[in-house]
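This structure is in structure tokens; I'll ask about it shortly.
We did not get these values from a lab; they are worked out from the coordinates using the rules stated. Since the model is a prediction, treat every value here as computed from it, not as a measurement. Positions of Cβ are generated from backbone atoms using ideal geometry, with glycine treated the same way; all protein chains shown enter the neighbour counts.
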Amino acid sequence: MIKEFRLPDLGEGLTESEILSWKVGVGDTVSLNQVIAEVETAKAVVELPSPFAGVVKELHEQPGSVVEVGKPIVSFEIPDDGGAAPSESAGLSSGAGEQAVETPKREPNLVGYGAVVESSGRPTRRPRTFAAADSLETVTAPAAEPKPLETRPAERPRSTPPVRKLAKDLGLDLAQVTGTGPGGLITRDDVHEFAGHAGEAAAPTSAPGGTRAGERETRTPIKGVRKHTAAAMVRSAFTAPHATEFLTIDVTPGIELLDKLRSSREFSGIKLTPLTLAAKAVLIALRRNPALNSRWDEENQEIVTYNYVNLGIAAATPRGLTVPNIKDADALSLPQLAQALTALAETARAGKTTPEDLSGGTISITNIGVFGIDAGTPILNPGEAAILGLGAVRTMPWEYRGEVALRQVLTMSLSFDHRLVDGEQGSRFLADVGAVMAEPGMVLAMV
Amino acid sequence: MSTDQTGQGGAQAPGSSGKSAGPDHELLQLITPAGERISHPEFDVWVKDITDEQLCSLFEDMTVIRRIDVEATALQRQGELGLWPPLLGQEAAQIGSGRALRADDFVFSSYRENGVAYCRGVDLTDLLRVWRGNASGGWDPYSVNMATPQIIIGAQTLHATGYAMGIQNDGADSVAVTYFGDGATSEGDVNEAMVFAASFQVPVVFFCTNNHWAISEPVRLQSHIHLADRAAGFGIPSLRVDGNDVLAVMAATRVALDRARRGGGPTFIEAVSYRMGPHTTADDPTRYRDANELEDWAAKDPITRVEALLDRKGLLTEALQQQVADKADAVASELRRGCTTMPDPQPLDIFKHVYSTPNSWLERQQDHYARYLASFGDPAGAVSEEGAR
């Protein structure tokens with residue numbers, strides 16, 4: 001005996017629910033109250049317990065589909081002698097299987113299934129009959145409404161779950177496909193053939209109303225820089241325990257210094273930005289805080305502290321995110337460093353960054369300020385101990401000499417690998433970088 | 001804490017003992033979450049008659065009502081019930097108090113006291129009639145001395161106080177017990193019921209199951225003091241008890257019942273428990289509740305601790321476990337059968353239970369309606385036609 005389980009009203013007065021997942025498959029033997037599916041209603045995600053003990057015969061709905069309350073979602077093969085809930089006299093779940101293919105009859109529906117849905121679509125509003133409404137409506141509406149009751153509900157095209165899945169993936173409506181299998185069963189080949197023709201003849205049904213020119217979603221293979229970035233970020237995020245600190249500082253003196261340098265002869269033609277200043281500040285601060293320029297060597301169980309700095313700069317390129325680094329940046333003078341930064345950015349933007357440029361970094365800076373962002377929690381470039389996020393320089397009211405003045409303010413976000421760097425070292429480093437940027441003269445006290 | 005349990009009787013002025021309604025209510029506990037029986041100088045005497053056998057039966061009852069709850073929840077998910085308010089986690093509060101009552105006491109409960117109903121002997125099928133939408137009330141209240149569940153929050157407290165005034169007038173020594181939740185204490189009805197109960201010193205027990213959540217409102221938003229401490233404002237002595245400790249709940253309930261029977265007036269009991277499930281099957285507590293909180297309370301499970309206590313006493317035999325499991329299975333299957341084979345209400349049923357005595361005017365209406373139904377020819381068809389509307 002086949003028993004169907006129809007989707008109940010799982011909340012109070014719900015009309016539909018989404019099947020999130022099936023916990024059983026066709027052919028599985030299930031016991032009474034065994035969880036068979038996870039369903040999301042407008043109110044909650046709930047587990048559906050099986051109302052029968054038996055074998056799953058068919059899953060009528062795929063995960064992800066939104067099902068109307070009262071529609072069959074799963075069929076069970078029940079041993080005739082028992083196992084089923086003894087509900088024969090209830091008139092509720094009995095005979096559900098037979099009724100499903102017939103014209104729906106009115107039936108008692110006090111429990112679980114809400115009001116009988118008369119049409120297959122959304123719940124329709126009834127016209128108000130007592131009001132003197134537009135005559136056109138009052139005449140046509142009552143005539144049109146009973147119709148869905150009289151017609152047979154469109155039978156689901158015969159096919160198998162994998163074929164339905166295929167059709168769904170291809171965005172095809174199976175009702176339009178002619179089945180060539182036994183008893184009109186739609187086969188995999190039928191779907192493929194229809195799909196071939198559909199390209200030439202009809203527009204796919206997945207573009208309702210033609211409001212969208214292309215596909216509803218775009219699928220891009222995960223490859224190249226995106227794939228590399230994703231792998232690196234996952235590796236980093238799940239191996240190095242990240243800690244992030246923020247510091248907001250008044251960088252007006254630093255910006256003024258940049259202005260001064262721009263007009264000097266030594267720096268003529270050299271691009272000077274807050275990033276230049278930050279890069280130099282990082283290099284100076286690293287001398288006092290070498291722990292941030294180190295690497296965790298899991299294999300050898302050693303901490304590698306670098307006595308040089310290969311300064312990585314995160315760069316957004318047309319191909320995605322890359323972090324080329326400036327080799328031995330600590331040995332460069334400020335003009336050299338500024339030029340190296342410019343060259344690095346241009347090379348990256350041109351897509352000409354070499355693998356060698358990308359490897360061997362010891363610490364990184366990500367300049368999120370160029371996007372107008374203030375702060376974030378940067379993820380470490382794998383193998384490095386720290387990364388500094390540089391925010392946008394903003395003109396803001398700020399405390400200045402005991403009064404509020406408009407100042408150039410910037411927030412820095414420092415993430416570090418907590419295996420290598422303690423809060424103390426991280427904080428001192430960030431404070432040093434901040435001190436240099438806020439008051440370049442502080443360098444005198446540091447070197 | 002009570003000053004009245006030694007049997008001196010008489011109305012105690014609230015707070016006169018210095019303890020009954022003090023601001024720092026201790027949480028009465030007799031079984032720790034680890035299942036350790038701890039002695040209490042004042043309350044041990046109230047459960048000293050509980051034999052090992054009775055402890056086993058309390059364990060059985062709690063297990064059975066949890067199973068009733070799980071089965072009913074499944075029935076709702078299977079479309080057999082319209083709604084169900086789970087009691088998961090509140091088994092001790094319901095069994096400990098429900099088992100302390102006498103047959104002639106009268107219970108006025110909310111919709112969540114299905115475990116109390118089980119104690120009162122409510123038929124399992126009757127328990128589900130309302131939730132299946134088959135009846136407006138599942139049973140004859142006088143057959144089990146328990147009113148059908150009140151859906152209006154807190155309204156049953158007024159009924160209980162009124163009933164207790166009747167007991168007082170009759171000079172009987174039975175007690176009206178009303179169950180409600182933490183949220184209900186913020187309702188006007190509950191406050192009015194307590195004012196009246198205190199004014200007339202009627203035999204009523206206000207049993208508040210503080211399950212910490214009034215749907216999505218945490219109890220701390222509703223009250224900055226223990227709910228038990230609110231009773232002092234009404235001049236009602238109160239007890240604050242570990243609601244997940246079946247013995248402590250029983251002791252507290254017995255103290256309150258005893259006071260009421262002796263003419264000592266009302267008592268307020270705050271049973272501190274936790275609603276482990278959703279408010280009803282239509283609710284999703286994960287949207288407003290911290291999972292850590294749930295975890296904390298899972299460690300205080302009322303059934304687990306009795307199980308542990310039985311184990312310490314060497315009573316948790318395989319035979320007992322099997323017996324309890326069998327009983328729970330039997331009850332669950334009876335519940336399911338009763339639910340799925342419940343006949344649908346008939347159109348003419350609407351005329352039942354309107355008047356307790358014959359009423360010619362209503363009979364005429366009934367006759368007209370019967371003839372109207374008969375005009376459809378096939379009576380069965382007429383029934384289902386009407387049933388659908």
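With springs only between Cα atoms under 10 Å, which of B:THR340, B:THR125, B:THR253 fluctuates most in a Gaussian network model of chain B?
Checking each option, the largest mean-square fluctuation is seen for B:THR340.
Of A:TRP296, A:TRP22, B:TRP361, how do they rank once you tally other Cβ atoms within 10 Å and put the fewest first?
Values: A:TRP296 16, A:TRP22 19, B:TRP361 8.
Fewest-to-most Cβ neighbours within 10 Å comes out as B:TRP361, A:TRP296, A:TRP22.
Separate question: Quick one: which residues, 5 or more positions from A:ARG6 or on another chain, have an amide H under 5 Å from its amide H? H modelled 1.01 Å from N in the peptide plane, none for Pro or chain starts.
It is A:ILE73, by chain and number.
Just order A:355-364, B:37-46 by mean Cβ neighbour count inside 10 Å, highest at the front, would you? All intermediate terms of the calculation are to be shown ahead of the outcome.
Details: A:355-364: 17.6, B:37-46: 14.7.
Highest mean packing first, the order is A:355-364, B:37-46.
Using alpha carbons only, how many angstrom separate the centre of region B:51-65 from the centre of region B:284-314?
18
Report ³J(HN,Hα) in whole Hz for each residue of region A:225-230, in order, from the Karplus equation J = 6.51 cos²θ - 1.76 cosθ + 1.60 where θ = phi - 60°; Gly and Pro get x.
My calculation for region A:225-230 gives 4, 4, 5, 5, 4, 4 Hz in order.
Give me the distance in nm between label points sitting 7 Å out from Cα along the Cα-to-Cβ direction at A:ALA405 and A:SER427, one decimal.
2.9
Relative to the longest principal axis of chain B, what angle (0 to 90°, nearest 10) does the C-alpha long axis of helix B:318-340 take?
30
Holding the Cα-Cα limit at 27 Å, pick out from A:LYS227/A:LYS327; A:LYS271/A:LYS352; A:LYS223/A:LYS280; A:LYS43/A:LYS71 the pairs that are longer than that.
Working: A:LYS227/A:LYS327 25 Å; A:LYS271/A:LYS352 20 Å; A:LYS223/A:LYS280 35 Å; A:LYS43/A:LYS71 19 Å.
From the list (A:LYS227/A:LYS327; A:LYS271/A:LYS352; A:LYS223/A:LYS280; A:LYS43/A:LYS71), the Cα-Cα distance tops 27 Å for A:LYS223/A:LYS280.
Shifting gears a bit: Just need the relative contact order of chain B here, percent rounded to a whole number, with Cα pairs under 8 Å and 6+ apart. The partial results should precede the final answer.
Values: 685 pairs, mean separation 95.2, N = 389.
Computed value for chain B: 24 percent relative contact order.
Between the helical axis of B:246-261 and the dominant principal axis of chain B, each derived from Cα atoms, what acute angle in degrees is found, rounded to the nearest 10?
Between the helix axis and the principal axis of chain B, the angle is about 80 degrees.
Write down Rg/Rh for chain B, rounded to two decimals, with Rg from the C-alpha atoms and Rh from the Kirkwood relation over Cα pairs. Before the final figure, lay out the partial values.
Values: Rg = 22.2 Å, Rh = 22.1 Å.
Rg divided by Rh gives 1.00.
Here's a follow-up. Taking the number of other C-beta atoms within 10 Å as the exposure measure, put A:ILE379, A:ILE303, B:ILE65 in order starting with the fewest. Spell out each step's value before the answer.
Values: A:ILE379 18, A:ILE303 13, B:ILE65 27.
In increasing order of surrounding Cβ atoms, one gets A:ILE303, A:ILE379, B:ILE65.
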